[in-house]
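Structure first, commentary second.
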Amino acid sequence: MDFSLSDDQLEFQAHCRKFADEVIRPAADKYDREQAVPWEVIKEARAWGLHGIEHLYKMGSDPGGLLGVIYAEELHRGCAGIALAISASSLAAAGIAASGTPEQVGRWIPECYGEGDEIKMAAYAVTEAGAGSDVKSLRTTAKLDGEEWVLNGTKVFISNGGIADVNVVVATVDPELGHRGQASFIVPKGTPGLSQGKKEDKIGIRASQTTEIVLEEVRVPMDHLLGGKEKLDRKLERARRGERGGSSGALATFEVTRPFVGASALGIARAAYEWTLDHLDGRRDENGA
Ligand SMILES: Cc1cc2nc3c(=O)[nH]c(=O)nc-3n(C[C@H](O)[C@H](O)[C@H](O)COP(=O)(O)OP(=O)(O)OC[C@H]3O[C@@H](n4cnc5c(N)ncnc54)[C@H](O)[C@@H]3O)c2cc1C
């Protein structure tokens, strides 16, 4: 089997590497030190065709799926924090694509990025203090009240928490059913009851903002339930009857996005390796510059 990259993939890899070397690296120290959102670098990524809805279409239209991992590896080699700040909205977009109706996909995915020069952000909020890997144990609740869903709970470690224009929140509708009792909801910025909790002071990936998200009696309309009520009711019914099937939106989203996390780790490892070689060759001073 031939694992070599095609000419198009090599060209894309070179483009990402150039962006990492010429735009990300020179800005990395500042944003890492200040632990600030690198808005200017994100705007540059948009200008280079590496952020936004068109970039997402390009990644999605690659049948082998390699462009996404090339992108993740090269940008994370530049700086993991800036790379995650540029790409974290795609986790929310993947969550919408995994669970949303075609209308919801068309309405909300563009809102995750903004258009033209406008930069928007999105957050995918699954993790809780007692539910990290163990996604089935989420305690954030979603209860139907008339034509509105009412959400309560606290999410932790959320990338783009507090700055996201669109939050995709995974909550439990029926805790007895584990992950099959969960659903995903769109919670737009500014919705009453939605607030940013503690901002994490991290030792790495510092240019990407990671915070708690607090939901207190947050009300969203019926059409903010991804996939719609009928589909959710059918899923809950099947689960209550003990039938198989009925996927978890959160697990499906993680399945799609985990290869990018692996590629990101590879990019970070490559940067460390290259830095070490340079250091041993005496090409870096004692401050690492
Ligand atoms: C920088 C950063 C950004 C993040 N961004 C987001 C985000 O945008 N949205 C979001 O929802 N979450 C986000 N997270 C949270 C992340 O998804 C969780 O940290 C992850 O799911 C692991 O959960 P945990 O931290 O509770 O660890 P745990 O689940 O407690 O795991 C701790 C360790 O135990 C191991 N372990 C767990 N269960 C088992 C088992 N059954 N058997 C054997 N070993 C096990 C794990 O592999 C791990 O090594 C982010 C985290 C970080 C650090």
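The values are calculated or read from the model by the stated rules, or taken from the named source; none is laboratory data. Just so it is clear, the structure is predicted and the values come from calculations on it, not from any experiment. Note that each Cβ is placed from the backbone with ideal geometry, even for glycine, and that neighbours are counted across all protein chains shown. Accessible surface areas use protein heavy atoms only, side chains included; no ligands, DNA or RNA. Shrake-Rupley method; radii C 1.70, N 1.55, O 1.52, S 1.80 Å.
Work out, step by step, the length gained on full extension between Glu217 and Thr191: first 0.36 nm times the residue separation, then minus their alpha carbon distance; give nm to one decimal. Walk me through the numbers on the way to the answer.
Numbers: separation 26, 0.36 × 26 = 9.36 nm, distance 1.02 nm.
8.3 nm is the gain from fully extending Glu217 to Thr191.
A simple spin-label model places pseudo-atoms 7 Å from Cα toward Cβ; at Asp117 and Asp145 they are separated by 4.2 nm.
Place +1 on the Cβ of every Lys and Arg and -1 on the Cβ of every Asp and Glu in the chain, take the dipole about the Cα centre, and give the residue among Ala207, Ala98, Met59 whose Cα lies farthest towards its positive end. Result: Ala98, furthest along the dipole toward the positive end.
Close amide-amide hydrogen proximity is noted between Asn167 and Ala123, Val187, Lys189, each under 5 Å apart and 5 or more residues distant or on a separate chain (H modeled in the peptide plane; Pro and chain starts excluded). When peptides 262-274, 76-88 are sorted by average Cβ neighbour count within 10 Å, with the highest value leading, the order is 76-88, 262-274.
According to the calculation over all Cα-Cα pairs in the range 89-133, the P(r) per 10 Å bin from zero is 27, 45, 23, 5 %. Extent along the principal axes, Cα only, for the range 1-111: 41, 38, 21 Å, with the longest axis given first.
Dipole magnitude for the chain: about 820 debye, using +1 per Lys or Arg Cβ and -1 per Asp or Glu Cβ, origin at the Cα centre. Normalising the average separation of contacting C-alpha pairs (under 8 angstrom, six or more residues apart) by the number of residues puts the relative contact order of the chain at 21 percent.
Summing Cβ point charges (Lys, Arg +1; Asp, Glu -1) relative to the Cα centre of the range 120-247 gives a dipole of roughly 420 debye. Each residue of the range 164-173 is assigned a 3J(HN,Hα), and the resulting list reads 6, 7, 10, 10, 9, 10, 9, 9, 9, 9 Hz, derived from the Karplus form 6.51 cos²θ - 1.76 cosθ + 1.60 (θ = phi - 60°), x at Gly and Pro. Mean residue ellipticity at 222 nm from the helices of the chain, using -39,500 (n - 2.57) per DSSP H segment of n ≥ 4 over the full residue count, to the nearest 500 deg cm²/dmol? When only DSSP H runs of four or more count, the value is -13500 deg cm²/dmol. Leu91 contributes about 50 Å² of solvent-accessible surface, heavy atoms of the protein only, 1.4 Å probe. Is the shape of the range 138-183 best called rounded, prolate or oblate, per the rule: a/c under 1.5 gives rounded, else a/b larger than b/c gives prolate, else oblate, with a ≥ b ≥ c the square roots of the Cα gyration tensor eigenvalues? It is oblate, given that a/c is not under 1.5 and a/b is not larger than b/c. Between Ile53 and Glu237, the simple spin-label model (points 7 angstrom out along Cα→Cβ) gives 3.5 nm.
Straight-line reach from Lys198: taking Cα to Cα under 21 Å and skipping same-chain neighbours fewer than 8 places apart, the lysines in range are Lys155, Lys189.
Per residue, the accessible area of the chain comes to 50 Å², computed with a 1.4 Å probe over protein heavy atoms only. The Cβ shell under 14 Å around Ser264 holds other residues with a net charge of +1, Lys and Arg each +1, Asp and Glu each -1.
Over the range 182-289, what is the mean sequence separation of C-alpha contacts under 8 Å (at least six apart), divided by residue count, expressed as relative contact order in percent?
On the way: 66 pairs, mean separation 24.8, N = 108.
Relative contact order comes out at 23 percent.
If you place +1 on the Cβ of every Lys and Arg and -1 on the Cβ of every Asp and Glu, how big does the dipole about the Cα centre of the range 14-94 come out, in debye to the nearest 20? Walk me through the numbers on the way to the answer.
Values: 9 positive and 11 negative charges, 8 e Å.
The calculation lands at about 40 debye.
At q = 0.15 Å⁻¹, what base-10 log of I(q)/I(0) does the Debye formula yield for the chain when every alpha carbon is treated as an equal point scatterer in vacuo? Reported log10 I(q)/I(0), two decimals: -1.14. In this rough spin-label picture, where each label sits 7 Å from Cα along the Cβ direction, the Lys199-Arg284 distance is 2.7 nm. For the range 120-247, the equivalent ellipsoid derived from the alpha-carbon gyration tensor has semi-axes of 26, 17, 11 Å in decreasing order.
Phi angles across the range 62-70 convert, under the Karplus curve 6.51 cos²θ - 1.76 cosθ + 1.60 with θ = phi - 60°, into 3J(HN,Hα) values of 7, x, x, x, 7, 4, x, 6, 4 Hz, Gly and Pro given as x.
Here Lys18 is the anchor, and the lysines within straight C-alpha reach of less than 29 Å, apart from those fewer than 8 places off in the same chain, are Lys30, Lys43, Lys58, Lys120, Lys202.
Taking all protein chains in place and a 1.4 Å probe, what share, in percent, of the accessible surface of the range 120-247 do carbon and sulfur account for? Don't jump to the answer; show the numbers that get you there.
Working: 2870 of 5910 Å².
Roughly 48 percent, rounded to a whole number.
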